[in-house]
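First comes the structure, then the notes that go with it.
The numbers here are math on the coordinates, done by the rules we state, and not lab data. Everything numeric in this text was worked out from a predicted model, so none of it was measured. Using ideal geometry, Cβ is built from the backbone for each residue, glycine included, and neighbour counts are taken over all protein chains shown.
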Amino acid sequence: MAVYWNGKRYYSLDAYLRQTYNEKMYKISLNGGMTCPNRDGTLGNRGCIFCSAGGSGDFAADRTLSVAEQIEQGKSQALRKYSGNSYIAYFQAYTNTYAPVSHLRKLFTEAICHPDIRILDIATRPDCLGSDILHLLTELAQIKPVWIELGLQTIHPQSADFIRRGYCLPVFEQAVRRLRAAHIPVIVHVVLGIPCEDMEQMLATVRYLNTQDIQGVKFHLLHILKDTDLADYYQRHPFHLPDMEEYFEIIGKCISILRPDIVIHRLTGDGPKSLLAAPLWTGNKRQVLNQMHAYLKTHDIWQGKEFMR
Ligand code: SF4
């Protein structure tokens, strides 16, 4: 029997927020002015192969503004699409726990104490969550909910090497355990379409996530952004990029086998059109999502379908 969440075939972030907080929220992308150990020479100088100059946070606000100013700017930009007054403060660009804890405390406290912020959402790497940071996150979670987003992308070592992720799977597992011991929800990023992966390998990453104590997932189709090392690689070694139908087949299978309690925060990548080099069909996000929802319906796909057999 098909399960529907707010009319969708999967447990969307929107459905989770309505169920849990009884309202829709708007996410404001903030810029804490961070860097990343994969870029500053600690682990590497060139970052993950797909990472843009903006640190995979190209929609984030101007880093020269204070956090409060960024929130106000984000609220005014949201006015066209959102009439509520509840926001998620999303520290998106670079690695947002890669700074002295005193600096992080100031940034995150300014965000979480803003009266219109309901949730603090922090994107980071699992190898940047020392005990002092976890202690801070635990303290902040006493004020309002705190979410942590981890860029795992894949479980396969060969793919992790290709994308230059810079940490191994046990590091991710330890971070999840420690975050969950502090009752902090974990959202995991997965990249689909890495050139050395076939369908079974992508599904193996999702099956693995089902075994982990995670609460959310963001699926991204590998995007080639201009001026990245991936763009250079693609020019020298063109590889197959899924077309829209192929991607729907991949994402449909991922949804079918995903544990039904895991909230799907994103179903495809969301890079800025000005930077997108390929695949260009992903540029019209609204149209892609509408067609994806139609595909899930036509093919009678719903989250957890296979998992529950
Ligand atoms: S960890 Fe994130 S910010 Fe750092 S290089 Fe990779 S994608 Fe970019």
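Data for the structure
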{"quantity": "Gyration tensor verdict on the chain (Cα atoms; rounded if a/c is under 1.5, prolate if a/b is larger than b/c, oblate otherwise)", "calculated": "rounded"}
{"quantity": "Förster radius 41 Å - calculated FRET efficiency between TRP281 and ASP213, Cβ distance, rounded to 0.05", "calculated": "0.70"}
{"quantity": "For ILE224, distant residues with modelled amide H under 5 Å away", "calculated": "ALA277, ALA278"}
{"quantity": "Contour minus Cα-Cα distance for ALA53 and ASN290 (0.36 nm per residue)", "calculated": "82.3 nm"}
{"quantity": "Gap separating the Cα centres of region 154-174 and region 109-146, nearest whole Å", "calculated": "24"}
{"quantity": "Residue-by-residue Karplus 3J(HN,Hα) for region 271-285, coefficients 6.51, -1.76, 1.60, Hz, glycine and proline x", "calculated": "x, x, 4, 5, 9, 6, 9, 5, x, 5, 5, 7, x, 9, 4"}
{"quantity": "Contact order relative to length of region 42-166, as percent, for alpha carbon pairs under 8 angstrom and 6 or more apart", "calculated": "27"}
{"quantity": "Cβ-isolated cysteines (cut-off 4.7 Å), the chain", "calculated": "CYS36, CYS113, CYS128, CYS168, CYS196, CYS254"}
{"quantity": "Per DSSP, loop chymotrypsin sites (Phe, Trp or Tyr not before Pro) in region 180-239 with at most 15 further Cβ within 10 Å", "calculated": "PHE239"}
{"quantity": "Footprinting exposure proxy for MET308, MET202, MET25 (fewest neighbouring C-beta atoms within 10 Å first)", "calculated": "MET308, MET25, MET202"}
{"quantity": "Calculated from backbone phi, Karplus (6.51, -1.76, 1.60) coupling profile of region 228-239 in Hz, x at Gly/Pro", "calculated": "10, 5, 5, 5, 5, 4, 5, 5, 7, 10, x, 10"}
{"quantity": "Relative contact order computed over the chain (Cα-Cα under 8 Å; 6+ residues apart), in percent", "calculated": "19"}
{"quantity": "Per-residue HN-Hα couplings for region 169-174 [Karplus 6.51, -1.76, 1.60; θ = phi - 60°; Hz; x = Gly/Pro]", "calculated": "4, x, 5, 4, 5, 5"}
{"quantity": "Cα shape, region 32-148, gyration tensor, a/c 1.5 rule", "calculated": "oblate"}
{"quantity": "Stretch gain in nm, segment GLU139-ASP300, where the contour uses 0.36 nm per residue and the Cα spacing is subtracted", "calculated": "53.6 nm"}
